[in-house]
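K.L.:
The structure follows.
The values are calculated or read from the model by the stated rules, or taken from the named source; none is laboratory data. All values derive from a computational prediction rather than experimental measurement. Glycine gets a Cβ as well: all are built from the backbone with ideal geometry, and neighbour counts include every protein chain shown. Ligands, DNA and RNA are stripped out before the accessible areas are found, and what is left, the full protein with its side chains, is counted by its heavy atoms. Shrake-Rupley method; radii C 1.70, N 1.55, O 1.52, S 1.80 Å.
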Amino acid sequence: MLPKERQWEQGKKYLAEGKAKEAKGAFEDFLKRFPKEPDLYLLLGVSSLRLRDVQAAEVYIRQALALDPNHVEARTLLGWIDLEVRRDYASAVEEYGRVVQLRPDFPEAYNNLAVALKKNGDLEMAVANFNRALELRGDYSEALSNRGWLYIEQKKWREARGDFEQALKINPHDAGALYGLSQVLKEARDYAGAQKALRSLMARSPNFVYWLEWGQLELVRYYWVLLLIAGAFFLQSQYKKVRRRSHGG
């Protein structure tokens, strides 16, 4: 059996340590002895992706699927390449849909399919699949965060806020949910709350976007303070005019 082979374990260890080149070399040598083992082609695909060789990765993954058309991990990885690298959203929907058929009780499969459907423009079906993922696993923070962003796209601000807040209760370090919450709060003109969310992100990441948005909100808040001060002076001057007129001034 492959898991008992030392070279197999060494290759997986290299992958875990981030040594993709060494892992690929180990798996290629191992492939000479087991040329019809789909898991080997899958791990060669993973190694190639980490080496930024997408073309080779896809070749290996398709070889795994040629040997085992129902290989869930290989189909999932091919769907990821279609979605994130090739931006072929229709193909990603097809691959992830096949994974759902193979693993109907696998919440991650529905989440992946929903993300692909969203990017392919089918928002209603995306919501349905996020819902299914959450039915299978209620504490699935990634699905909550992803559904929250879909609700933002639909301008369903209350639903989006609920999803982001629930996701953050489960995983306080969910940067996507925290950033989404900042956008919802900004839309609700809760600028202080939005800035608080952005400050949390700024403390974790040097992403310039967070700093830029925080600065913009600071200007908005300062602008409203100036308007209030100007309004107060205007009302005070009007009040003095009325008083002078009433006293014959």
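K.L.:
Out of all the residues in segment 179-201, which are closer than 15 Å to LYS156 by Cβ and open to solvent by 40 Å² or more (accessible area, probe 1.4 Å)?
P.N.:
GLU187, ALA188
K.L.:
Oh, and also: Quick one: which of ALA66, ALA128, ALA160 is small (Gly, Ala, Ser) and closer than 28 Å to LEU42 by Cβ?
P.N.:
Working: ALA128 fails: closer than 28 Å to LEU42 by Cβ; ALA160 fails: closer than 28 Å to LEU42 by Cβ.
Every option except ALA66 fails the conditions.
K.L.:
Something else: Given the condition within 21 Å of LEU117 (Cβ to Cβ) and either in contact (Cβ under 8 Å) with a residue 24 or more places away in the chain or out of contact with any Gly (no Cβ under 6 Å at 6 or more places or on another chain) (or both), answer yes or no: does some residue in segment 57-72 qualify? So that I can check it myself, show each step before the final result.
P.N.:
First pass over segment 57-72, keeping only residues within 21 Å of LEU117 (Cβ to Cβ): 72.
Then keep just the ones that are either in contact (Cβ under 8 Å) with a residue 24 or more places away in the chain or out of contact with any Gly (no Cβ under 6 Å at 6 or more places or on another chain) (or both); that gives 72.
Yes, some residue in segment 57-72 is within 21 Å of LEU117 (Cβ to Cβ) and either in contact (Cβ under 8 Å) with a residue 24 or more places away in the chain or out of contact with any Gly (no Cβ under 6 Å at 6 or more places or on another chain) (or both).
K.L.:
Quick one: is ARG161 surrounded by fewer than 22 Cβ atoms within 10 Å (Cβ to Cβ), in contact with a helix residue (DSSP H, G or I) (Cβ under 6 Å, 6 or more places away or on another chain) and assigned to a helix (DSSP H, G or I)? Show your work before the answer.
P.N.:
Details: surrounded by fewer than 22 Cβ atoms within 10 Å (Cβ to Cβ): yes; in contact with a helix residue (DSSP H, G or I) (Cβ under 6 Å, 6 or more places away or on another chain): yes; assigned to a helix (DSSP H, G or I): yes.
In short, yes.
K.L.:
In addition: Within segment 20-78, take every residue that is in contact with a Phe, Trp or Tyr (Cβ under 7 Å, 6 or more places away or on another chain) and more than 22 Å from ARG103 (Cα to Cα) and give me the one that is surrounded by the fewest Cβ atoms within 10 Å (Cβ to Cβ).
P.N.:
Here the answer is GLU22.
K.L.:
Considering only residues that are within 18 Å of VAL46 (Cα to Cα) and open to solvent by less than 70 Å² (accessible area, probe 1.4 Å), which ones fall in segment 79-95?
P.N.:
Just the residues of segment 79-95 that are within 18 Å of VAL46 (Cα to Cα), to begin with: 79-86, 92, 95.
Once the filter is applied, which keeps residues that are within 18 Å of VAL46 (Cα to Cα) and open to solvent by less than 70 Å² (accessible area, probe 1.4 Å), segment 79-95 yields GLY79, ILE81, ASP82, LEU83, GLU84, VAL85, ALA92, GLU95.
K.L.:
For segment 179-196, state whether one or more residues are closer than 27 Å to ASP105 by Cα and in a loop (DSSP other than H, G, I, E, B). Even if it seems obvious, please write down each step before you answer.
P.N.:
We begin by selecting, within segment 179-196, every residue closer than 27 Å to ASP105 by Cα; these are none.
Looking for residues that are closer than 27 Å to ASP105 by Cα and in a loop (DSSP other than H, G, I, E, B), one finds none in segment 179-196, hence no.
K.L.:
Under the condition of being among the hydrophobic types (A, V, I, L, M, F, W, C) and assigned to a helix (DSSP H, G or I), which residue from segment 1-18 is modelled with the highest pLDDT? Don't jump to the end; show me each part of the working.
P.N.:
As a first pass, look at segment 1-18 and keep what is among the hydrophobic types (A, V, I, L, M, F, W, C): 1-2, 8, 15-16.
If we keep only those that are assigned to a helix (DSSP H, G or I) too, we end up with 2, 8, 15-16.
Details: LEU2: 55, TRP8: 80, LEU15: 87, ALA16: 91.
Top of the filtered list is ALA16.
K.L.:
I've got another one for you. Can you pull out the residues in segment 119-158 that are open to solvent by less than 60 Å² (accessible area, probe 1.4 Å) and under 12 Å from the mean Cα position of the chain (by Cα)?
P.N.:
SER141, ALA143, LEU144, SER145, ASN146, ARG147, GLY148, LEU150
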